[in-house]
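The values are calculated or read from the model by the stated rules, or taken from the named source; none is laboratory data. Computed from a predicted structure; not experimentally measured. Backbone-built Cβ (ideal geometry, glycine too); neighbour counts: all protein chains shown.
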Amino acid sequence: MSIIGIVLGIIAIGLFIWLKKEQQMNFDLHDGDIEAAKYAYNSLMEDFTNYQVESDRKIAELEKQLEIRTKQSSSSIDKIRKDLPSIIRKTIGHIEFARPLDRK
């Protein structure tokens, strides 16, 4: 009976050691996965930050271009408004002093 108890005790100790090694191997694998996930999340965060900065730069550049074009358009409209009376006078002058086409 004591031999069976000793054998069962040795088997239990062996199983305990084997399970402990298996558990440590699983912990190491999980730690590797966690480190890989941290690296991936950090890379994703950096890419997203770079994307935001780049998008903000592009938006600022587009706003500048829009403002420049708006100023150009408003200056050309102002120029047309200033020249409009003289253009109207020229057109009306030609109409007033033109000879009628059908001479009745």
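Within segment 77-104, residues that are modelled with pLDDT under 85 reach no partner that is not aromatic (Phe, Trp, Tyr) with beta carbons closer than 8 Å at six or more positions or on different chains.
Picking from Leu29, Leu62, Leu15, which residue would you name as being modelled with pLDDT of 95 or more, assigned to a helix (DSSP H, G or I), out of contact with any helix residue (DSSP H, G or I) (no Cβ under 7 Å at 6 or more places or on another chain) and of a type outside the set (D, E, K, R)?
Residue meeting the stated conditions: Leu62.
On inspection, Ser2 qualifies as surrounded by fewer than 10 Cβ atoms within 10 Å (Cβ to Cβ), modelled with pLDDT under 95 and among the hydroxyl-bearing types (Ser, Thr, Tyr).
Can you pull out every residue in segment 81-91 that is of a type outside the set (Asp, Glu) and surrounded by 10 or more Cβ atoms within 10 Å (Cβ to Cβ)?
Scanning segment 81-91 gives Leu84, Ile87, Ile88, Arg89, Lys90, Thr91.
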